[in-house]
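Structure record follows, encoded as structure tokens.
The values are calculated or read from the model by the stated rules, or taken from the named source; none is laboratory data. Please read all numbers here as calculations on a predicted model, not as lab measurements. So basically every Cβ, Gly included, is an ideal-geometry build from the backbone, and we count neighbours across all protein chains shown.
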Amino acid sequence: MKAVIQRVSKASVSCKSGHKDKIGTGLLVLLGIEEADTDDDINWLSSKISRLRIFPDENDIMSKDIIEIGGELLIISQFTLHASTRKGNRPSYIKSAKPEFSIPLYERFLKKIGNDSGLIVKHGVFGDHMDVSLVNNGPVTIIIDTKNKE
């Protein structure tokens, strides 16, 4: 799994199907799933995001996690995170998992991060065309790949 995590003042998603969601202070997470991902990836990534200390304390030092600040989560599926641009100019998405594999993992991830954080998890609609808006606070953007665990 790959995740682009952005600390936001606010973020929203508007889906072609009509679904809309929005958050205030919290994290916008763009989540890409590949065929090699398992529940171990879900568990590790959920724990890491829930405890990622990227929110400022009273001294403006990033030492608080989303749970401590009572923030909000917006999770958006994004298969393009696994794009390969090695050959030519048209990205290949061969590493991205097919919907029949990735939808159940995406849904399990939403449930797991909700359980780990104790927060309500807002989200987009898997496979739908989505317009995502955000105000990146900081700016703070972290990229995590569960296969590298860096």
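Tell me which residues, restricted to segment 136-150, are surrounded by fewer than 15 Cβ atoms within 10 Å (Cβ to Cβ) and part of a strand (DSSP E or B).
The answer is N136, G138, P139, T141, I143.
Report every pair of residues separated by at least 6 positions or lying on different chains whose Cβ atoms are under 9 Å apart, first residue within segment 124-144 and over 10 Å from C15 (Cα atoms), second surrounded by fewer than 12 Cβ atoms within 10 Å (Cβ to Cβ) and modelled with pLDDT under 95.
From segment 124-144, the pairs are I144/E150.
Got a number for residues in segment 13-31 being under 24 Å from E68 (Cα atoms) and more than 13 Å from the chain's Cα centre (by Cα)?
Count: 5.
In segment 121-134, how many are surrounded by 13 or more Cβ atoms within 10 Å (Cβ to Cβ) and assigned to a strand (DSSP E or B)?
Final tally of qualifying residues: 6.
Could you list, ordered by first residue, the pairs with Cβ atoms under 9 Å in which the first is in segment 46-60 and touching a residue at least 24 places away in the same chain (Cβ under 8 Å) and the second is loosely packed, with under 13 Cβ neighbours inside 10 Å, at least 6 apart or interchain?
Partner pairs satisfying both residue conditions: S46/N115; K48/K149; S50/G118; F55/E68.
Residue by residue through segment 4-34, note down the ones that are more than 25 Å from S63 (Cβ to Cβ) and in contact with a Lys or Arg (Cβ under 6 Å, 6 or more places away or on another chain).
Answer for segment 4-34, where residues must be more than 25 Å from S63 (Cβ to Cβ) and in contact with a Lys or Arg (Cβ under 6 Å, 6 or more places away or on another chain): S12, S14, D21, G32, E34.
Go through segment 1-120 and tell me which helices (runs of 4 or more DSSP H), entirely inside it, have 2 or more residues that are in contact with a Phe, Trp or Tyr (Cβ under 8 Å, 6 or more places away or on another chain) and either surrounded by fewer than 17 Cβ atoms within 10 Å (Cβ to Cβ) or at positive phi (or both).
Those helices (runs of 4 or more DSSP H) span 66-69, 99-117.
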